[in-house]
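Some notes on the structure that comes next.
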Amino acid sequence: KELEKKPASLSSLKTYYIPLRAYNITGIENVRSLLKEDHYQTQEESLLTENPKKLQDIIDRLDKENKKVIFTMGKGGVGKTTIAAAIALGLADRGKQVHLATTDPAAHLQYVIQDSENLTTSFIDEEKELEKYKEEVLSKARENLSEEDLDYIKEDLASPCTQEIAVFRAFSEVVDQSRDKIVVIDTAPTGHTLLLLDATQSYHKEIERSHGNIPESVKRLLPTLRNEKETEVIIVTLAEATPVYEATRLEEDLKRAGISSRWWIINSSLYLTDTKNELLKAKANHEIEWINRVDKDTNHHFALIPWHQEEIKGEALRRL
């Protein structure tokens, strides 16, 4: 379907197709085989945990433990938004008042999450938050600095970290303004950004260049994130080498920032689909190694979600 949407100007170009392989493209042997052959090798392995937890099991625990702030974290493309939506809807169905904040367009969330009177949503526009933050910094700087100094600040604001800092502030405001609700946030600051903010005493660098004050919501956010009684950080990944390695590095970064992440969710698992297709069966078999690795590393604190052919929205969210 997506290929059918490609611009007409691309249709005239010579196109090469690379087939889906049963194995992960890691290691020199598999890289060499990618364009030549497939091999449906299976390994004599089984899951360490016979009946892994489902997402609903985690939602039950979040409800029972009365968590106030829930973050889903992970690399792009692992399904953080879908998982966050399912958690928010699940808690709302259990009678909780829930606010879901996302970087996806709000209209998309309204399409995915259909009726729930206990659930509100908001859209954090990263570009708008970035421009808002830049303007605040420059506006305060103009009060005391020369044009030459302003040019330096403008250059400093071009740093890749600036957007994450701006979004961090927006998240802090969402959390701070929703004290009477459970707040679920689908995209959180990365571990690197949290370390940056912590190491610099929460915006020390920003104060130096803007001569402004740290927002109270920002001051409260890091202590809130470190409060295990109120906050749950859930890491979302896939049963593949790269997503698991990246999720592990994220968890290590969070630990260094004093933030614990007890639960992992492995999304879109072919292993749970009971597929009969030989290629997909081989891919499902290759997942076992990574599922077991997460199982060991988390001390069984993980949930496994099967791959779904249909779009995940509405009632489908409740079945995860």
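Extending 7 Å from Cα along the Cβ direction at ASP60 and again at ARG262 yields two label points whose distance is 1.5 nm. Computed 3J(HN,Hα) for region 72-85, one whole-Hz value per residue from the Karplus formula 6.51 cos²θ - 1.76 cosθ + 1.60 where θ = phi - 60°, is 10, 10, x, 5, x, x, 8, x, 4, 5, 4, 5, 4, 5, glycine and proline marked x.
Extension gain, ASP156 to GLN177: 0.36 nm times the residue separation minus the Cα-Cα distance gives 4.6 nm. With θ taken as phi - 60° and the Karplus curve 6.51 cos²θ - 1.76 cosθ + 1.60 applied, the whole-hertz 3J(HN,Hα) list for region 231-246 is 10, 10, 9, 10, 8, 9, 8, 10, 7, 9, 4, 4, x, 5, 4, 5 Hz, x standing for glycine and proline. Proximity of backbone amide H atoms, modeled 1.01 Å from N, is registered between THR298 and no other residue at under 5 Å, excluding neighbours fewer than 5 places apart on the same chain.
Helix 147-157 and the longest principal axis of the C-alpha atoms of the chain enclose an angle of approximately 20°.
Per residue of the chain, the DSSP helices (runs of n ≥ 4 H) give a summed -39500 (n - 2.57) that works out to -14500 deg cm²/dmol at 222 nm. Report the label-to-label distance for ASN299 and GLU127 in nanometres (one decimal), using points 7 Å from each Cα along the Cα→Cβ vector. Once both label points are built, they end up 4.5 nm from each other.
Quick one, which of (i) 183; (ii) 170; (iii) 206 is the actual volume of the Cα convex hull per residue in Å³ calculated for this model? Here volume of the Cα convex hull per residue in Å³ agrees with entry (i). Show which lysines lie in cross-link reach of LYS134 when reach means a straight Cα distance below 28 angstrom and same-chain residues fewer than eight apart are skipped. Counting by Cα, and skipping residues close in sequence, LYS134 has these lysines nearby: LYS75, LYS80, LYS154, LYS205, LYS219. How many angstrom lie between the C-alpha centres of region 8-87 and region 115-170? Going from one Cα centre to the other spans 33 Å. The angle between the Cα long axis of helix 216-226 and the longest principal axis of the Cα atoms of the chain comes to about 30 degrees, rounded to the nearest 10. Axis angle, to the nearest 10 degrees, between helix 126-142 and the longest C-alpha principal axis of the chain: 20 degrees. Counting 0.36 nm for each residue step from ASN292 to GLU135 and taking away their Cα separation leaves a gain of 51.7 nm.
For LEU238, the residues whose modelled amide H falls within less than 5 Å of its own, excluding neighbours fewer than 5 places apart on the same chain, are VAL244, ASN267.
Rule-based calculations on the coordinates, nothing more; no lab input. Predicted model only: the values in this text are computed from it and were never measured. Here the Cβ is made from the backbone with ideal geometry for all residues, glycine too, and neighbour counts use every protein chain on show.
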